[in-house]
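The values are calculated or read from the model by the stated rules, or taken from the named source; none is laboratory data. Everything quoted here is computed from the prediction, not taken from an experiment. Don't worry about glycine lacking a Cβ; one is built from the backbone with ideal geometry, like all the others, and counts go over all protein chains shown. When the accessible area is computed, the model is the full protein with side chains, heavy atoms only, and any ligands, DNA or RNA have been set aside. Shrake-Rupley method; radii C 1.70, N 1.55, O 1.52, S 1.80 Å.
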Amino acid sequence: MQAPNILLFDEPTNDLDIQTLTILEDYLEGFAGAVIVVSHDRYFLDKVATRIFAFEPDGGICGSMGGYSDYLAQREEQAEPETERDTQQKSKDSWKTKSDKLKFTYKEQREYDAIDDVIAKLEERIDGVEKELVKEASNFERLQELMEQKTALEAELAAQMERWVYLSDLAERIEAQNQA
C-alpha cells in the first residue's frame, strides 16, 4: 500500500512508549483519510478523535461529534431522570455490570507513577543540550543539529507536561470520589 486512505486500529496505544505514542498522535492528526480506532485510552481518543461511536449498556450504539470528553458531556445532557422502577431494576442487575467509578487504567497508573521522572530527565537533557550549544557556538553544523534536538526535546516536554496535567486531574478526581 503506497497511500492508504483508511486506517483501522485496535487498541493502538497498548505497549507504546510515550515518544512513539506522540509520533502516532501527530501522524493521525495530519492524516488525510479516515481512521477507525477501537480504544479504551480516553486521552488518546480526546487527542485524535473527531467522532465517537460508543456501545451503550442497553446494546445500542451512540454517535457523538468530538472527542471522548465531548461524548461524555453529550451523554450527561441526554440522561433522563430515572423512574423508581428503573432504579429498582438497576439495583437487581447491579452485579451484572461494572461500576461507574473513576479509576486509572493499568497503563495510566504506570504512566502516572513514572511521569515525574520522565519530565525531570527531559529537563536535564534540555539543560545538557543548552550547555553544549554554548560550547559549540562556532560550529554552525553542530549548532543546527543541537537546535533541532532542543526543539524536539522541548516539544516532547510540552506533551509530557500536558499528559501530567491530565493524569494529575484524573488522580484528584479519583481521590475525591474515594473520599466521598
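Brief remarks on what is shown
- Within the set E82, E77, E124, the sole residue that is at pLDDT below 80, over 30 Å from V37 (Cα atoms) and not hydroxyl-bearing (S, T, Y) turns out to be E82.
- Residue match in the stretch 138-154 (condition: open to solvent by less than 90 Å² (accessible area, probe 1.4 Å), of a type in the set (S, T, N, Q) and modelled with pLDDT of 90 or more): yes
- Checking M161 against (1) at pLDDT 80 or above; (2) in a helix (DSSP H, G or I); (3) under 28 Å from I52 (Cα atoms); (4) touching an Asp or Glu at 6+ places or on another chain (Cβ under 9 Å), the condition it does not meet: (4)
- Those strands (runs of 3 or more DSSP E) of the stretch 1-85 in which at least 1 residues are more than 29 Å from A158 (Cα to Cα) and of a type in the set (G, A, S), considering only elements entirely within it, cover 51-55, 61-65.
- Taken together, the residues in the stretch 22-53 that are out of contact with any strand residue (DSSP E or B) (no Cβ under 6 Å at 6 or more places or on another chain), open to solvent by 90 Å² or more (accessible area, probe 1.4 Å), among the hydrophobic types (A, V, I, L, M, F, W, C) and without any contact (Cβ under 8 Å) to a residue 24 or more places away in the chain amount to 1.
- One residue from V37, V48 being aliphatic (A, V, I, L, M), within 26 Å of Y112 (Cα to Cα) and modelled with pLDDT of 85 or more: V37
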